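In what follows, a single structure is set out as structure tokens and then discussed.
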Amino acid sequence: MVYNDLKARNLKVWFDLVNMRGDITDSMAGGIDASLVFVPILSLAYQESENCMLEIRYAKDRKKKIVPVRLLTKNEEDAAAGTAFAITAGLIYADFADKQYGSAEWNKEIDLLEREIIEKRSLALAHKAKLSSIRRTSLNDSSLVTWIDPLDVSADMEMYREAYVPKTRLWALENLHVWLQNPNADKVLWLNGSAGLGKSMIAWLISQHLPIGYVLGSVFFCRHDNADKNSAKRLVNTMIYTLSEKFPIFKAFVDEFRMEDQRSVANGKPSILKSPQLAFTEIVVAGLKKLNSALSPNILLIIDALDECGKAGDPDRIAILEILRRDSKNLPSFVRILVTGRPDIDIYETMAYIKSDMLLPTSIENKNDIDIYIRHQLRKYFPKEYVMSEKMLIQCSSEILEKSEGVFIFARIVMDLLETVPAENILSEISSFGDGLDNMYLHALKKSRVNSEEFRIVIGFILGLNELMTQDSIALFMDIDPSYVGGVLAKIRSVLIIDPQTDFVSLIHKSFADFLVDPNRCKDPKYLINLADIDEIILRLSLKVMNTSLKRDYTGITMNKLPEKIKPSEWSHLYNPVLSYACRYWTKHLSGDNINAEHISTLLDEFVLVHLGHWTEALILLETYDQIKPMVDSVLTVIETAKEGSTELVTSLFSDFLKLCDSQSVPFVYNPLHIYQSGFPFIPSKSSLARVYGNYENVPKVLLGLNDEWVDRKDWIRRDKLNAAPYTGHWDNVNCVAISIDGRYLASCSNDMTVKIWSFVDGSTYDLVKTLEGHFSHIYFVSFSPDGKKLASGSFDHTIKIWSFEIQNFGELVATLSGHSDGVSSCQFSPDSKIIVSTSWDRTIRLWDAQEYLLITTIAKGHTDGINSVQFSPDGKLFATSSWDQTVRLWSFKNGDAKLTMTINGFEDCVHMVRWSSDGHLVAAATNDGHVKIWNISEAEPKLLSVLHGKSPVLSLCFSIDGKTLASTSGNSVNIWQLNKLDKNPFLVLDEHFEHVTFVLFHGKTLVTASVDKSMKIWSINQDSQTYKLVATIDGHAYSVRPICISADGCYLASSGSDPKFKIWSLSKHNTLLHSIYGHLKGISALCFSPNSKLLASASYDCTVKIWNLDGIELSTLSNHTGYATALAFSPDSSVLATGCGDGTVKIWETATFSLIYTISPSMTAKGVQFLLFSENGNVLRVSDIQKLHTFWNSASWTKYNRDTDDLFHKDASKELVFNSNSGWIEKHDKRCMWLPAEYRSQFAIREQISQGEYIAFNTLLGQKVFAIRVNDAIFEI
């Protein structure tokens, strides 16, 4: 009647039409799934039916709004079983009891019921919309949460709170209190026992009832079927987070660590959080030691169900076991760890040396607890004694307890199964259960009436997944109706857990999962699940969903956002749970048995041929890009061990793609669309990957200079790998030099990632003895130990490497010191060679034992910005540091303790370097503003003695051994100052270097200088006459590619090295070499095409400029330059050529007759012409010097142009793509548009790059190699 009235009011209603008898599970699941509101009409007949609780539970599991109706007469009320009524009692909205159908009272209740249904339907729609968005953690949103990604355990805690039965497990609680309160007890206690004994409940209980003086530091519940809960990383991260929330001192330490770690990650280094062991040692242990043991409360850390954290041999399991076995010993005395778990063999062997307490099912305490639990549940089901007497209750409990064999989970599942059984049938139902857990599981399955085939499909699928899913996601993944899945789940609800917060479906206990896959335990083959078959199904469905769904820019980032750094957390939710799972876990389901299955191999071929880029894009946005290597490695391992089948293509494509990801991880992580923009263009032309992805649409094309084969990341700087002529010098900036104490060896380090060792031969020659390789980034500093046995090198890869200089292992790497989170700027041995001090741009100073290579101490609080240099005082009692924070600080070091003794202020810019005089009384500091300041530090307060002024930043300085002379760098020059008669000008200027001098070093009667020009120069000093003679040059730059240009029509490219030869290439005819031209006597300094693409001008260090046609024929030589030509520019109409010289002269030539029109003298321009540029209308010429200072000239009169020029040159600048050689990015308006692999660029290539229309070209500085790209303008539209 209620049904008919609701239907008459145009409400769409589904109704159980079989009188609530029989198996209605399938239709019920479909009906409830299709509904928004569930209306149980609580009549006596309904409550007595087998389907009553089945329907109500299913509706609650599916988050349906429940609007119950009371339909019990007074006589029926007492007869009702009451369970369903009790569940919904607080929700009663309509009462039809004792009301006449069709009466005013009846219709009033129908009106009320209709309003409630409509209201709840609206709420259900709103809830459904909310669930369509990603479910987020309830943790506070903060930078700490973002960094550490902890797990919210509140749902687990609430689940155990609701399930706990009072007065149980009190004996276990008492035992744990004894352990915690014993000051001499072990730090770790392992509570072990077989499956289903209730160990997790004990873990929860102690977390809620700690003894006085204890606080809960952290709790983590491991779960075998939840990827988040069987991860060592998430376990340690959660521990760090919860400790931070409770202890402000610990949080302050973690925040400082977080900022250092984030800086490290920004520089391309892996986060410390990637290693759970390292994170535990460096953060948990170190952070807890910061707490005052006298003031801090005792702390308990809980790890529950360790046996469910991975499998034996898994990295996660090994990591946690190592933490417990070894690292936990370093915890402060006030910290304890409680671990629960089954005694799996690997856990047992590790924990054998740790205090343990075994939970025995046969113990009287355990049995008493089970008895209490059973009686509690029975009385909840049958609260009235006339329904179930106390005698009957005791009898039921006794029989269940005997059958349980002391296993708590047995009792729990049995009580769930008995919930809907009438009291009069309870004893007979109990007798139908077999003894023990396995018999109970089998009984529950048979009683459920579930179709065995459907069970194996659905439950097998759930069992095979690596993380939990909702019912809807499972159905979507399996491509079946949700009600099909729902029907199966509803029938076996007693052995499932459905999380009330997330709707995730899981098996009730790991013992049930073990039972289903073990033929020795599951005696009925109808329910036995073959995981190999399930893996093949999930693999097939994963490949299918990826092949169907993945595409370029799946989330809609769009190319307009290409220059922006993408935060994956803002985009990951756009991948639905099924696609997300498939991308992250498909390789775990691949095996040698299923890879050659026909449907699998076909899907896998499609995946590697089409979707490798799309898959990588997904992994980046799903924040699992760091897993791509282990995932691909696992695929390659499976292929290698496969018994049969042709997988050569798959192997080669995966192998190549892994190399691409290794090469281009920087841009990929910056923005996943760079997979296409900065990845695919650089696939080597002869690789397997190029045959598939080499002609990818709408990406830049490398027209010239693309590698044929993959370049070894460790070897890319070697010239022989790049088919270049042999040489011995560095191929990039020389940053530092050092001379051994006996003067036999000179060491140099460079941006080319090598240290070179040179032997002094005859006063004018240094022979290369050895090249030391091992660093993976620029090397900034080298230092010999005073005993001559070792050399230290510091690198931007955050490490210091120690090399042996003893005869038996000369040049061998003996140690790598790791710990800095940013580049190492400087390192030095103490005078006794026992200590190494290192500084870094991470703002820390570290002191190391030079014998054992162990860290002694870290000075983290001192400088407030990056530290640039360090040097010990001659007596070794102090060391000085200089920093970007515009200070010099002096430190003492004794007995492993470093203390700040003096801070020298008074600087107005960054202090690049600090050096001691040989007597230890003076300190000289080099600054970025061009000054050198000399201080006397022999008194209590530092006294400024002199300020030496310069024009360029001072990168390096050095006192002579006798303390009479100081050398300092200034641009391309070295200034020599005599300290006994300081003047405003240096005593002597050495200016033989071509580019900035980076380092100076006195050694006896020798001065060594190093430069950006990749050379070192050796100067002999005559101390009597105070003259400096250049006696040797160690040079590696003579053959590097430098000047390049592209014609305005995009058809030609010209390139040259510093040698006299240049080349003309065709960009329109398959990128072929047209001409190789020798015409100058010295190296080429500049090249420039005329705008009409008919002429090419070349400038040289031979002080000439030559004009050529594009057939390679010389048309004219412009020879009356007063210095070497450095810059060229044609006017827009090609009628005028401007040439600039190193001495500041600019000459104007007419191209029709190649005659000189005008000369702009050096006094009229900025010194040292570096760039020339005509305005777009040709009316103005801009002259730029090496400091980027501009002067402007009217091309009609060649007089100075003093009006505003922004409009004249701004338009040209906006068109240009600029290559930032320091970062490797091609930029437009400072926005990052494309990233170049290291082998295609150099640290100082920016002034040799040029953009023209669709093209950008630049040199590599790595030999005779030119590089050109054609780009799509739309990609760079900003």
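When region 416-441 is examined, which residues are found to be crowded, with 19+ Cβ neighbours inside 10 Å and in a helix (DSSP H, G or I)? 417, 418, 423, 426, 430, 437, 438, 440, 441, listed by residue number.
Residue check: is residue 960 surrounded by 14 or more Cβ atoms within 10 Å (Cβ to Cβ), under 17 Å from residue 919 (Cα atoms) and hydroxyl-bearing (Ser, Thr, Tyr)? It is true that residue 960 is surrounded by 14 or more Cβ atoms within 10 Å (Cβ to Cβ), under 17 Å from residue 919 (Cα atoms) and hydroxyl-bearing (Ser, Thr, Tyr). Within the set 1128, 1115, the sole residue that is surrounded by fewer than 23 Cβ atoms within 10 Å (Cβ to Cβ) and either assigned to a strand (DSSP E or B) or of a type in the set (A, V, I, L, M, F, W, C) (or both) turns out to be 1115. Does residue 791 satisfy the criteria of being open to solvent by less than 10 Å² (accessible area, probe 1.4 Å), under 27 Å from the mean Cα position of the chain (by Cα) and not aromatic (Phe, Trp, Tyr)? Taking the combined requirement at face value, the residue does not satisfy it. Here residue 974 does not qualify as without any contact (Cβ under 8 Å) to a residue 40 or more places away in the chain, surrounded by fewer than 19 Cβ atoms within 10 Å (Cβ to Cβ) and within 26 Å of residue 1004 (Cα to Cα). Residues in region 667-695 that are open to solvent by 20 Å² or more (accessible area, probe 1.4 Å) and in contact (Cβ under 8 Å) with a residue 60 or more places away in the chain: 670, 692. Checked against (1) in a loop (DSSP other than H, G, I, E, B); (2) in contact with a Gly (Cβ under 9 Å, 6 or more places away or on another chain); (3) over 18 Å from residue 891 (Cα atoms); (4) not polar (S, T, N, Q), residue 831 passes all but a single condition, namely (3).
If I filter region 985-1022 down to residues being in contact (Cβ under 8 Å) with a residue 60 or more places away in the chain and in a loop (DSSP other than H, G, I, E, B), which single residue comes out as farthest from residue 780 (Cα to Cα)? For region 985-1022, the residue satisfying everything is 1004. In this structure, residue 343 does not qualify as in a loop (DSSP other than H, G, I, E, B) and more than 30 Å from residue 198 (Cβ to Cβ).
Checking each residue in region 333-374 for being farther than 30 Å from residue 215 by Cβ, surrounded by fewer than 19 Cβ atoms within 10 Å (Cβ to Cβ), more than 48 Å from the chain's Cα centre (by Cα) and not polar (S, T, N, Q) picks out 364, 367, 371.
Within region 534-544, does at least one residue satisfy the condition of being open to solvent by 10 Å² or more (accessible area, probe 1.4 Å), among the polar types (S, T, N, Q) and not in a loop (DSSP other than H, G, I, E, B)? Checking region 534-544: not a single residue is open to solvent by 10 Å² or more (accessible area, probe 1.4 Å), among the polar types (S, T, N, Q) and not in a loop (DSSP other than H, G, I, E, B).
Identify the residue in region 1064-1078 that is over 13 Å from residue 1093 (Cβ atoms) and at pLDDT 85 or above and, among all such residues, is most open to solvent (accessible area, probe 1.4 Å). Filtering first and then ranking leaves 1078. Determine whether residue 361 is under 30 Å from residue 185 (Cα atoms) and assigned to a loop (DSSP other than H, G, I, E, B). Answer is yes for this residue. Applying the criterion of at least 1 residues that are touching a His at 6+ places or on another chain (Cβ under 9 Å), at pLDDT 90 or above and open to solvent by 10 Å² or more (accessible area, probe 1.4 Å) to the strands (runs of 3 or more DSSP E) found wholly in region 877-916 leaves 888-894.
Scanning region 287-301 for residues that are under 28 Å from the mean Cα position of the chain (by Cα) and open to solvent by less than 10 Å² (accessible area, probe 1.4 Å) gives 287, 288, 301. Cβ-Cβ distances below 7 Å connect the following pairs, each with a first residue in region 593-610 that is closer than 14 Å to residue 548 by Cβ, a second residue that is modelled with pLDDT of 95 or more and open to solvent by less than 30 Å² (accessible area, probe 1.4 Å), and a separation of six or more residues or different chains: 603/543; 603/547; 606/547; 607/543; 607/546; 607/547. Restricting attention to region 588-607, the residues being more than 14 Å from residue 542 (Cβ to Cβ) and open to solvent by less than 70 Å² (accessible area, probe 1.4 Å) number 4.
The values are calculated or read from the model by the stated rules, or taken from the named source; none is laboratory data. Owing to the predicted nature of the structure, the values given are computational and were not obtained by experimental measurement. With ideal geometry, Cβ positions are generated from the backbone for all residues, glycine too; neighbour counts draw on all protein chains shown. Heavy atoms of the whole protein, side chains included, go into the accessibility calculation; ligands, DNA and RNA do not. Shrake-Rupley method; radii C 1.70, N 1.55, O 1.52, S 1.80 Å.
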